[in-house]
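As structure tokens, the structure follows; a few thoughts come after it.
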Protein chains: 2
Amino acid sequence: MNATVQHALRDAILGRDLPPGASVTETAVASRYGIARQTARLAIERLVADGLLRRAPHQAARVPELDAQDIRDVFDSRAVVEQAAIERLAQAGSIPAEALAAHREPRALAEDAPFARIDATFHRALVAGQPNARLARMHELLMGEIELCIAQVQAGRVLLPAEIGAQHQAILDAVTAGDAALAGRLAREHVHGARDRLLNQTTH
Amino acid sequence: MNATVQHALRDAILGRDLPPGASVTETAVASRYGIARQTARLAIERLVADGLLRRAPHQAARVPELDAQDIRDVFDSRAVVEQAAIERLAQAGSIPAEALAAHREPRALAEDAPFARIDATFHRALVAGQPNARLARMHELLMGEIELCIAQVQAGRVLLPAEIGAQHQAILDAVTAGDAALAGRLAREHVHGARDRLLNQTTH
DNA sequence: GATGCGCAGATTGTTTGACAATCCAAGCGA
DNA sequence: TCGCTTGGATTGTCAAACAATCTGCGCATC
């Protein structure tokens, strides 16, 4: 029961149903989803751990408002982790099935899902398929805020599926070729490109 | 009240009072520290998030037994994050006061504390002093398991304060000199050295 | 008019007690 | 020997309550 509420809250935040700056109180969540306050509290705490909410002691949780510095921080950290992850994936040499599915059939996954969601699925699957569980855990820690960044900048229009798909293809090729250095470099540049596109959107 | 219990539990785990494999039930923690089960549950969940406990749904939490592969995973991830963090610290060019304190006065910090604890304090302070908050958060996520690794291998004897102190000094020198590439390389090698010493200890 | 104080409301932090859901191991029967 | 049931242990969730803390507003004072 808790996992479903957590998922619903997550969607509400990423879907801007709860706009940045909105306060999310335990009682509000409890009554909204018909659960006990303790359970709502737990869901909120998990989302705080995921970076999708923030809160100070004795204050209501709030949807964070991410500024340009936050975007730089999050994407730079992601670049570090994802480069390392892709390098390890290339050393292993095999591409996870879920990543291939997200890469090949973006339409089939979810017609209504924005491309940003599919892109996140692809990257998550790539990192999850690499052997180091801690790297995957750290990556997961970042992806919540990453999706929040993209949602807040409303950058769905900025992400060009064709261009990004080509970059993904290049990364996959380097991985299958076992060229860890190249794959890692491509992954880092890919993330940095996303960061710069988002930053352009915000300052503009 | 909860923070103190969490700290006591943490010490019990790292001090091998709770040996690897020991099960930590909510009721046991509650009665041991005289708190409600809900509060004990919360403390356990936080420690699970820190990597100091593991648990599956509807099962008691357990102190993880880390094998050689875990040590490789944790330290390799740490090397990735810490190299990036030290590079950013060198670009900023200033060394956090807490890091200097831990480096210069290991005795003064805590006479009874093992050197491993002081070493962890030093590294935590270095990474926390660097401007990227997400990198620091990921590092913190790893340090729990790092300390657990060291405690389980009982590697207090293996960590030579003089040698490690010299390596720390070299890193600090590179940071103050603003040589990000050198500082990052030294940090990575420093972490890899710790990893190899621990691995030698386990297989032996 | 500006400043500081205090009070009431809102919210979280923690406790206690209870019950359902689930897992695990021991015992039992085929 | 193998599979099943059953009972105990443990977690997951709910409900109600109270203390601790923060926030904003009104009010007195300067």
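The values are calculated or read from the model by the stated rules, or taken from the named source; none is laboratory data. Predicted, not measured: the structure shown is a model, and the values here were computed from it. Note that we place each Cβ from the backbone using ideal geometry, even for glycine, and neighbour counts take in every protein chain shown. Note: accessible area is taken over every heavy atom of the protein model, side chains too, but ligands, DNA and RNA are not part of it. Shrake-Rupley method; radii C 1.70, N 1.55, O 1.52, S 1.80 Å.
Quick notes
- Every helix of 4 or more DSSP H residues in chain B counts as -39500 (n - 2.57), and over all residues that averages to -23500 deg cm²/dmol at 222 nm.
- Percentage, to the nearest whole number, of Cα pairs in chain A over 21 Å apart: 55 percent
- Calculated label separations, A:A28, copies of the chain, 7 Å along the beta-carbon direction, nm: 4.1
- Rotational relation B to A, axis-closest Cβ in chain B, residue and distance rounded to whole Å: B:M138, 2
- Radius ratio Rg over Rh of segment A:2-62, counting only Cα atoms, Kirkwood formula for Rh: 0.91
- Sequence-distant contacts, meaning Cα pairs under 8 Å at least 6 residues apart, place the relative contact order of segment A:2-62 at 39 percent.
- Residues losing 40 Å² or more accessible surface upon assembly, segment A:75-95, compared with the chain by itself, 1.4 Å: A:S77, A:V80
- FRET efficiency for the pair A:L100 and A:A181, taken as 1/(1 + (r/R0)^6) with r the Cβ-Cβ distance and R0 = 22 Å, rounds to 0.45.
- Nitroxide proxy distance, nm - points 7 Å out along Cα→Cβ at B:Q169 and B:T27: 5.7 nm
- Interface of A with B. Using a 1.4 Å probe and counting protein heavy atoms only, the two chains hide about 2100 Å² of accessible surface, both sides summed.
- Between copies, the label points of A:T4, set 7 Å from Cα on the Cα→Cβ line, lie 4.1 nm apart, reported in increasing order to one decimal in nanometres.
- Extension gain, B:A68 to B:R55, is 2.6 nm, computed as 0.36 nm per intervening residue step minus the present C-alpha separation.
- When A:E65 is represented by a point 7 angstrom out along its Cα-to-C-beta vector, the spacings to that point in the other copies are 5.3 nm, nearest first.
- For the pair B:A162 and B:Q38, label points projected 7 Å from Cα toward Cβ lie 5.6 nm apart.
- Label-reachable residues, segment B:42-84, where backbone N falls under 16 Å from a point 7 Å from A:E140's Cα toward its Cβ: B:45-58, B:74
- Cα-based shape type of the protein assembly as shown, given that a ≥ b ≥ c are square roots of the gyration tensor eigenvalues and the cut on a/c is 1.5: oblate
- Accessible area of the protein assembly as shown belonging to carbon and sulfur atoms, whole % at 1.4 Å probe: 52 percent
- Relative contact order for chain B, counting Cα pairs under 8 Å that sit 6 or more residues apart, in percent: 27 percent
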